[in-house]
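Below: the structure, in C-alpha cells.
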Amino acid sequence: MVNDSLHGLVEQRLRQVCQRYTNGRREVVELLARAGYPVSIGDIAELAPRLPRSSAYRHLVNLQQAGVVRRVSGNDEFSRFELAEEITEHHHHLVCTHCGKVIDVTPTKAFEEAMNKYLASLAASHGFASDDHRLDILGSCSTCRAPQPQL
Ligand SMILES: [Zn+2]
Ligand SMILES: [Zn+2]
C-alpha cells in the first residue's frame with residue numbers, strides 16, 4: 001500500500017493542519033505502511049536505524065495530529081502506532097500479554113455486522129448512539145505459546 005495515493009492523502013491531511021509532508025514524515029509513513037502491524041518506537045529504531053528516536057517520535061505526534069496516525073495501546077508501557085483506519089481499513093488487534101506483540105486482524109463482514117448489531121443495542125440501552133468500535137483481543141501469541149526449551 002506504499003504508493004502515490006497514500007502519500008497524496010497524507011500530504012492533504014497534513015496541509016489541513018498547516019504542516020508540510022517532510023522527508024522524515026514520509027519515511028515514518030512508509031515504515032508504518034510496510035510494517036503491517038502497530039510499531040513501537042523500539043520497533044522503529046530497528047526498522048529504520050538511521051532515524052533518531054526523538055525525530056521518529058516527533059513525526060508520529062505530528063502525523064497523529066493530522067489524523068494520519070493512531071496510537072494503539074498494548075499491554076505494556078510502550079505506545080504503538082499505526083496508520084489511521086480511514087487510510088488503511090477497519091481491523092482489530094490481538095495483544096500478547098506476555099511479550100507485548102500486537103497483531104492486526106481483519107474480521108469477516110458477517111462478524112462486523114453481528115458485532116455492530118450487538119454493540120448498537122448495548123449502547124442504545126444507555127441512550128448512546130454508536131458510530132464505531134474498537135476491540136482488542138488479549139492472550140498469548142504463537143511464539144509465547146510454543147513449549148519452552150528445557151534448561
Ligand atoms: Zn507473545
Ligand atoms: Zn470491527
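You will find that of PRO107, PRO149, the residue that is of a type outside the set (Gly, Ala, Ser) and either over 26 Å from VAL29 (Cβ atoms) or within 16 Å of ligand 1 (Cβ to nearest atom) (or both) is PRO149 and no other. With respect to the conditions (1) farther than 23 Å from ILE44 by Cα; (2) within 11 Å of ligand 2 (Cβ to nearest atom), ALA110 lacks only one, and its number is (2). A single entry from GLU85, GLU46, GLU89 fulfils the requirement of being closer than 28 Å to ASN3 by Cα, in contact with an Asp or Glu (Cβ under 9 Å, 6 or more places away or on another chain), at pLDDT below 95 and not β-branched (Val, Ile, Thr): GLU85. I need the full set of residues from the range 59-73 which are surrounded by fewer than 20 Cβ atoms within 10 Å (Cβ to Cβ) and assigned to a loop (DSSP other than H, G, I, E, B), in order please. Of everything in the range 59-73, just one residue is surrounded by fewer than 20 Cβ atoms within 10 Å (Cβ to Cβ) and assigned to a loop (DSSP other than H, G, I, E, B), namely GLY67.
Filtered by the rule that a residue be within 23 Å of HIS92 (Cβ to Cβ) and either touching a His at 6+ places or on another chain (Cβ under 8 Å) or outside any strand (DSSP E or B) (or both), the range 3-40 gives LEU6, LEU9, VAL29, LEU31, LEU32, ALA33, ARG34, ALA35, GLY36, TYR37, PRO38.
How many residues are of a type in the set (A, V, I, L, M, F, W, C), over 20 Å from the mean Cα position of the chain (by Cα) and under 18 Å from GLU85 (Cα atoms) when one looks only at the range 99-119? Matching residues across the range 99-119 total 2.
All of VAL102, VAL95 fail the test of being away from ligand 2 (no atom under 13 Å from the Cβ), of a type in the set (A, V, I, L, M) and under 30 Å from GLU11 (Cβ atoms), apart from VAL102. Per the listing GLU46, GLU89, GLU85, the residue uniquely among the charged types (D, E, K, R), surrounded by fewer than 19 Cβ atoms within 10 Å (Cβ to Cβ) and either over 11 Å from the mean Cα position of the chain (by Cα) or assigned to a helix (DSSP H, G or I) (or both) is GLU46.
When CYS99 is tested against the conditions (1) in a loop (DSSP other than H, G, I, E, B); (2) out of contact with any Ser or Thr (no Cβ under 9 Å at 6 or more places or on another chain), the lone failure is (2). Of all residues in the range 90-111, those that are over 16 Å from ASP132 (Cβ atoms) and among the polar types (S, T, N, Q) have Cβ atoms under 8 Å from Cβ atoms of residues that are more than 10 Å from ligand 2 (Cβ to nearest atom) and assigned to a loop (DSSP other than H, G, I, E, B), 6 or more apart or on another chain, in THR97/ASN75; THR97/SER140.
The values are calculated or read from the model by the stated rules, or taken from the named source; none is laboratory data. Just so you know, these numbers come straight off a predicted model, no measurement behind them. Because the Cβ atoms are built from the backbone with ideal geometry, glycine has one as well, and the counts that use them run over all protein chains shown.
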